[in-house]
Every structure is written in structure tokens, then in C-alpha cells.
């Protein structure tokens, strides 16, 4: 059923993240389903004092929760539904692939490419290259320079 479909958007710090998020929201609004937002934090390096490392890890988690809460409100306004909010710690490509293997609800992974004249970005490069055999769902790559009007037209 279309309502079982989950569009996974990776929430990184790139400007094109907005385009991927909007594309996924418009697809959900027009064809059903749900948006999942994934924020991947970097592992905290070993600290001389464990309490410093724990504090850094907690701050990263709080920042991720705050970011996802704000984006979740945007998703709800665009789709009328609540998104899934996911936080994982580790290497981004590995965490994405692990999540796809673990969660059968995810039907489509949505990423946006960097603007013209740039490289596609490390996630796209890895996922369409050497890691492509591990993908278990379609990968939609949205051009990062698309306007809201263009996104409306193609969804």
C-alpha cells in the first residue's frame, strides 16, 4: 500500500538537504507514505576523561534532536503527517546501509546532489559506486539546485 511507503531523507549540513527534504515531502503529500529523517552524528573520539566524552556525545544528541524536531514540524506542515525521527552515531554510509537492512518500512532513499560544477558528494558517490550492491531500495537523487516550482512540477 502507498501509505506503507517510507521516504528516508538524510539530514546532513549541506544546503541541498532542503531540496531532498522538500522532494520527499511533496511525494508523500501527492502519493501517500511517510517521511523519515535520519541524522547521523560522528562518534566522539576517546577523551582522557570519560566524562568529557560523555558530555560531548550528549551535546551532539541534543543538537540532533533539536534539528530533527524543527525539520519534523516542517514535514508535518507539508505532508499533514508526523515523520519518523532517527538518530544514529557512526560513519554515514555504513549507518545508512545498516538502517536500510534493519527497517523494511523504508522504500526509497532520497538524496540531493550538490549544485552544478561540484562533485556529487560522498554519500551519493559511495551509494551509486562500490556500495550499490548493498542498497535494498531505490535511491532517488534530486538535483540540488531545483527550485520549489520545479520540485512541484516533477512530483
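Helix 50-79 sits at what angle to the longest principal axis of the chain, using alpha carbons and giving 0 to 90 degrees rounded to 10?
So the helix axis and the longest Cα principal axis differ by about 10 degrees.
If I build a Gaussian network model for the chain, linking alpha-carbon pairs within less than 10 angstrom, which residue out of 64, 24, 112 has the largest mean-square fluctuation?
Result for the chain, Cα springs under 10 Å: 64 fluctuates most.
Quick check on the chain: of the DSSP beta bridges with both residues there, what percent are antiparallel, nearest 5%? Can you show the working numbers first?
Working: 0 of 19 bridges.
So the antiparallel bridges in the chain amount to around 0 percent.
Please give the peptides 74-83, 54-63 ranked by average Cβ packing (other Cβ atoms within 10 Å per residue), highest first, as a rough proxy for protection.
74-83, 54-63
Where a number appears in this text, it was derived from the coordinates with a stated rule and is not lab data. Since the model is a prediction, treat every value here as computed from it, not as a measurement. Methodologically, a virtual Cβ is constructed for each residue, glycine included, from the backbone with ideal geometry; neighbour enumeration extends over all protein chains shown.
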